[in-house]
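Bear in mind these aren't lab numbers, they're just calculated from the coordinates by the rules spelled out. These numbers come from a predicted model, not from an experiment. No Cβ is skipped: glycine too gets one built from the backbone with ideal geometry, and neighbour counts run over all protein chains shown.
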Amino acid sequence: MIRVFVIILMATGLLATQPASAGPEKDLQAMQDFYQKRFPNVAPEEFANGLYAFDEGARAQWLELEDFPPYEIAVEEGEAYFNTPFANGNSYADCFENNGLSIKQNYPYFDNDTSKVVTLELAINQCREENGEQPLPYLRGELTAISAYMAYTSRGNTINVQVPNDNPKALAAYDAGKQFYYSRRGQLNFSCSSCHVQVVGLSLRADPISTTVGQVTHFPAYRTVWGEIVTLHRRFVECNSQVRARPFESQSDEYRNLEYFLTYMSNGFELNGPSSRR
Amino acid sequence: MNWTYLILLMLLVGGCGQSAEREYELTPSNSAPLSVITDELTPSASYEEAHAAAVMAIGVAANKGHAWSTSDSLLKQAQAAAVDGNEDRAIQLADQARVQGELAAQQADTEENVWQEKVL
Amino acid sequence: MTKYMVPILLLVITSAELGWAEPALSSDAADKIERGKELTFARGKGNCLACHVVAGGEMAGNVAPPLIMMKVRYPDRMKLRAQIWDASALISTTTMPPFGRHRILTEEEIDLVVDFVLTL
């Protein structure tokens, strides 16, 4: 009885202090404050290094791996693809600001014409289609390589995703991503936040769990367990599969909204992708 | 000590306790399971019936964005068993897929109400 | 890890005072415990090592308390079973999967896991 009482007090307390939508800026502040309090001895910029912010042994191995980066080939291939003109003579550079270089910090963005979130990968395929080319498959290969190259040219830039306060549709997309992050899914009943907020820094098997802030900075990422470089949405697919939920398609509305929320939670972090993870 | 004050306080605590109890009972995790235990399900009359019910239940969960991969694979196994002519097994698997579809939809409804409690 | 140390030490002291004695097992009971151990460790079943340290298991996580002194912590077998069946019934925000409610394990499998966990 007492325990029930305490639980309810806690629950109602949480509800009372939590309005329906606190707004992106407040969300970001609350998220950053939470991790800073949780890990007072970790420099905030370290959160961009995932589990390597917490595990010295793993960090040493990772730094060794980064001496001969396994994603380097993908970046070189991506550069070659990026610079190869389409059949109509145009190229990727014609589709983007600043010729497509050093721009990843502005993705994803909310597109008012389609009322949808546009990710960098989606924009790459839109560019192809506008120029009469077939879209590329999202999960692996050429598109991931192009994205890796574009990320590489954006290294060190500060993530600056916008959710305009006066745009209810953009806010709705952000809120949908936020709800996705906090909703339990799959037979195993985990939300993203179950692991990355509730038990962050503790280890599942041998791997410490990374923080929400700084989580997207290093994509596309080379995963040692996969032996290839992959997009953020492929990682979403893996997370959902691991909790035994039916994953969504890459670039589905669900994942685009999730990327919107999650990248906003890394606003202020420097891009450090592509990177490697075990 | 003012006795009126003390009695009021007790009533207040008691009242909170009461509402706390009710709220606790209302939490979906504590509500009665949707179906009885899978192992003890009354099997559907035919594979066709079991399959149709499973597809519908999984579809409801999927429309809420909460389908489970496990119910998908149970349904595939059921189809394979049916192709092999093992109707009893096919019915059993399809019924299990249906139960999981129902549980997944229940999860979606629950989360729709409680996800904000976890927001930082 | 340190956050578990105080309760663990307390448990160690308590159990030392109780002078825990291992009862002799029939071969049937020993067989059940062995099957329970397999289910506890199997990644596709209990996968308890993902979060809990369990004696005899490698590569354990530390998301949740080590499974030690279980008989002291759960003198009532049904309370342990209920915890595994649906931990969220007691604490709604728990990250422990509801092994029974979500049909991750069958009822029989849960009984076997309980048998094994109570030997820890």
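Considering amide H positions built from the backbone, and no H for Pro or chain starts, which residues 5 or more places from residue A:117, or on another chain, come under 5 Å of its amide H?
A:111
Out of every Cα pair in chain A, what percent are spaced more than 29 Å from each other?
33
Working from Cα positions, state the angle (0 to 90°, nearest 10) between the long axis of helix A:2-17 and the longest principal axis of chain A.
Approximately 50 degrees, to the nearest 10.
Per residue, how much space in cubic angstrom lies within the convex hull of the C-alpha atoms of segment B:38-118?
Dividing the Cα hull volume of segment B:38-118 by its residues yields 85 Å³.
Provide the per-residue ³J(HN,Hα) series for segment B:52-59, in order, calculated from phi with Karplus coefficients 6.51, -1.76, 1.60 and θ = phi - 60°, each as a whole number of Hz, with x at glycine and proline positions.
After applying 6.51 cos²θ - 1.76 cosθ + 1.60, I find 4, 5, 5, 4, 5, 5, 5, x Hz.
Note the angle between two axes, namely the Cα long axis of helix A:120-130 and the longest principal axis of the Cα atoms of chain A, as a number of degrees from 0 to 90, rounded to the nearest 10.
Orientation of helix A:120-130: about 40 degrees from the principal axis.
Quick one: Karplus J couplings for segment A:177-184, per residue in order, coefficients 6.51, -1.76, 1.60, θ = phi - 60°, nearest Hz, x for Gly and Pro?
Ordered by residue, 3J(HN,Hα) equals x, 5, 4, 4, 5, 9, 9, 5 Hz.
What is the angle, in °, between the Cα long axis of helix A:232-242 and the longest principal axis of the Cα atoms in chain A? Nearest 10 is fine, range 0 to 90.
Approximately 40 degrees, to the nearest ten.
For residue B:72, what charge total do you get from the other residues with a beta carbon under 12 Å from its beta carbon, if Lys and Arg give +1 and Asp and Glu give -1?
Value of the local net charge: +3.
With Cβ to Cβ distances under 14 Å as the rule, what net charge do the other residues near residue B:49 carry (K, R +1; D, E -1)?
Result for the neighbourhood of residue B:49: -3.
Averaged over peptide C:90-101, how many Cβ atoms belonging to another chain are found within 10 Å of each residue's Cβ?
6
Can you give the mean number of other chain Cβ atoms that lie within 10 Å of the Cβ atoms in peptide A:193-202?
Mean partner shielding for this stretch: 4.
Quick one: which residues, 5+ away or cross-chain, put their amide H under 5 Å from the amide H of residue A:214? H built at 1.01 Å from N.
A:266
Taking the alpha-carbon set of segment A:37-115, what are its Rg and Dmax in Å?
18.8, 55
Once the cut-off is 16 Å, how many percent of the Cα-Cα pairs in segment A:117-201 end up in the long-distance tail?
70
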